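Structure, as structure tokens:
The values are calculated or read from the model by the stated rules, or taken from the named source; none is laboratory data. Since the model is a prediction, treat every value here as computed from it, not as a measurement. Here the Cβ positions follow ideal geometry from the backbone for every residue, glycine too, while neighbour counts run over all protein chains shown.
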Amino acid sequence: MSVTVVGSLNEDVLVTVDRLPGRGETVVGSAVRTAPGGKGANQAAAAGRLGGGVAMVGRVGADPAGDRQRAALVAVGVDVDRLLATPGELTGTATIPVEADGGENLIVVVPGANGVLTPADVDVAEVRRATVVLLQLETPLETVLAAAGAAGGIVVLNPAPPQPLPAELLGLVDVLVPNEHELVRLAGAAEGERSPAELARLARGLGAGSVVVTLGARGALLVPAEGNALLQAPPAVQPVDTTGAGDCFCGALAQFLARSAGPAEAVRYAVAAAASSTTGAGARGALPDDGTVQALLPRLPRAVPVG
């Protein structure tokens, strides 16, 4: 079994402020720190923490930030042989002012080397031979499409940040994993509260295979190509920071699908992993290992069928 993640790597620059600035305004921060980020790298790190056989395909700059990204993934057991240094480009960055009280934030992303990941970069054995290939949309769409086409195993796509998806790409995706807001945008529907049954109807209209809709504190909704949808609630935990929970979910889902698990089992595992990840600060501050997730599984409610 193996998981290959094709995607983005960013160095997050987090600045603590009393309040977010308005247009044209300067505010003074009280603290600053850097942390490894990027949806692709976060998902690879989560999968790596949960088991072996994980590889990352992507681009960083030929700079110290790229070295830090590489080291952070190696530390959780991820193969970085296909993580390419890119002369003339900086490693992607995300500058994130965060309010000290309440955690509201703004995010400014500069793609850097992520923006020059090419279709040729992903036509590699790690993609062709992986049991599961996990993709997102923080790299060029043509490269995402090339990776999905080259994949010989299960293709999982996290459509974030959301954008219109060509039918050709959707036809290559086995499991689509949007959150509720991404699902609504992909379906071209109006924003607003929706029941699980309504979300299932939107998911079935996308033209993908199976759809797994992440719902935050409500868990996740599995919408298979045929049969009833299933709503899986999470275990009770004491959340500290929900940053990166969706990325942890995707990494855990890919890792468990690679173990030949059925979709319902994989969603159950991913819900438990994502819940556990919220018990510490930061996108990777509380990524669980397999033992932690297995201990949580008996505390999950049974999945509820949704008509």
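For L221, are the conditions met, namely being touching a Leu at 6+ places or on another chain (Cβ under 7 Å), closer than 14 Å to N179 by Cβ, surrounded by 15 or more Cβ atoms within 10 Å (Cβ to Cβ) and not hydroxyl-bearing (S, T, Y)? Outline the logic, then answer.
Details: touching a Leu at 6+ places or on another chain (Cβ under 7 Å): yes; closer than 14 Å to N179 by Cβ: yes; surrounded by 15 or more Cβ atoms within 10 Å (Cβ to Cβ): yes; not hydroxyl-bearing (S, T, Y): yes.
For L221, the condition - touching a Leu at 6+ places or on another chain (Cβ under 7 Å), closer than 14 Å to N179 by Cβ, surrounded by 15 or more Cβ atoms within 10 Å (Cβ to Cβ) and not hydroxyl-bearing (S, T, Y) - is met.
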Where the second residue is among the hydroxyl-bearing types (S, T, Y) and in a strand (DSSP E or B) and the first is within 19 Å of T118 (Cβ to Cβ) and lies in the stretch 144-159, which pairs have Cβ atoms under 9 Å and are six or more apart or on separate chains? A147/T4; A151/T4
Quick one: S30 ticks every box in (1) part of a strand (DSSP E or B); (2) under 30 Å from A151 (Cα atoms) bar one, so which box is it? (2)
Restricting the search to the stretch 47-85, which residues are over 20 Å from the mean Cα position of the chain (by Cα) and assigned to a loop (DSSP other than H, G, I, E, B)? A62, D63
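Condition check ((1) of a type in the set (S, T, N, Q); (2) under 24 Å from A274 (Cβ atoms); (3) free of Cβ contacts under 8 Å to residues at least 40 places away in the same chain) across all residues:
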| site | (1), (2), (3) |
| --- | --- |
| D12 | no, yes, no |
| D18 | no, no, no |
| E25 | no, no, yes |
| A47 | no, yes, no |
| G53 | no, yes, no |
| V98 | no, yes, no |
| G102 | no, yes, yes |
Criterion violated by D174 - all others in (1) closer than 24 Å to P305 by Cβ; (2) buried (at least 18 other Cβ atoms within 10 Å of the Cβ); (3) touching a residue at least 40 places away in the same chain (Cβ under 8 Å); (4) not aliphatic (A, V, I, L, M) satisfied: (3)
Enumeration of residues in the stretch 114-144 that are surrounded by 15 or more Cβ atoms within 10 Å (Cβ to Cβ) and either touching a Pro at 6+ places or on another chain (Cβ under 7 Å) or within 14 Å of G38 (Cβ to Cβ) (or both): N114, G115, L117, L134, L135, Q136, L137, E138, T139, T143
Quick test for you: out of L50, L9, pick the one residue that is of a type in the set (A, V, I, L, M) and under 18 Å from A147 (Cα atoms). L9
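Residues to consider are D241, D247; find the one that is charged (D, E, K, R), closer than 19 Å to A281 by Cα and crowded, with 24+ Cβ neighbours inside 10 Å.
On the way: D241 fails: crowded, with 24+ Cβ neighbours inside 10 Å.
Only one candidate passes the filter, namely D247.
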Among the listed residues A295, A220, A274, identify the single one that is modelled with pLDDT of 95 or more and in contact with a Cys (Cβ under 6 Å, 6 or more places away or on another chain). A274
Suppose we filter the stretch 87-99 for residues that are closer than 15 Å to T243 by Cα, over 20 Å from the mean Cα position of the chain (by Cα) and surrounded by fewer than 20 Cβ atoms within 10 Å (Cβ to Cβ); how many remain? 2
Which of (1) surrounded by fewer than 23 Cβ atoms within 10 Å (Cβ to Cβ); (2) touching a residue at least 60 places away in the same chain (Cβ under 8 Å) is the odd one out, the single condition A273 does not satisfy? (1)
Taking the stretch 219-249 and keeping residues over 23 Å from V293 (Cα atoms), assigned to a loop (DSSP other than H, G, I, E, B) and in contact (Cβ under 8 Å) with a residue 40 or more places away in the chain leaves N228
For the stretch 232-260: of the residues being farther than 27 Å from V6 by Cβ and among the small types (G, A, S), which is nearest to the chain's Cα centre (by Cα)? A233
Any helices (runs of 4 or more DSSP H) falling wholly within the stretch 106-218 and containing at least 1 residues that are over 29 Å from L90 (Cβ atoms) and in contact with a helix residue (DSSP H, G or I) (Cβ under 6 Å, 6 or more places away or on another chain): 125-128, 180-187, 196-204
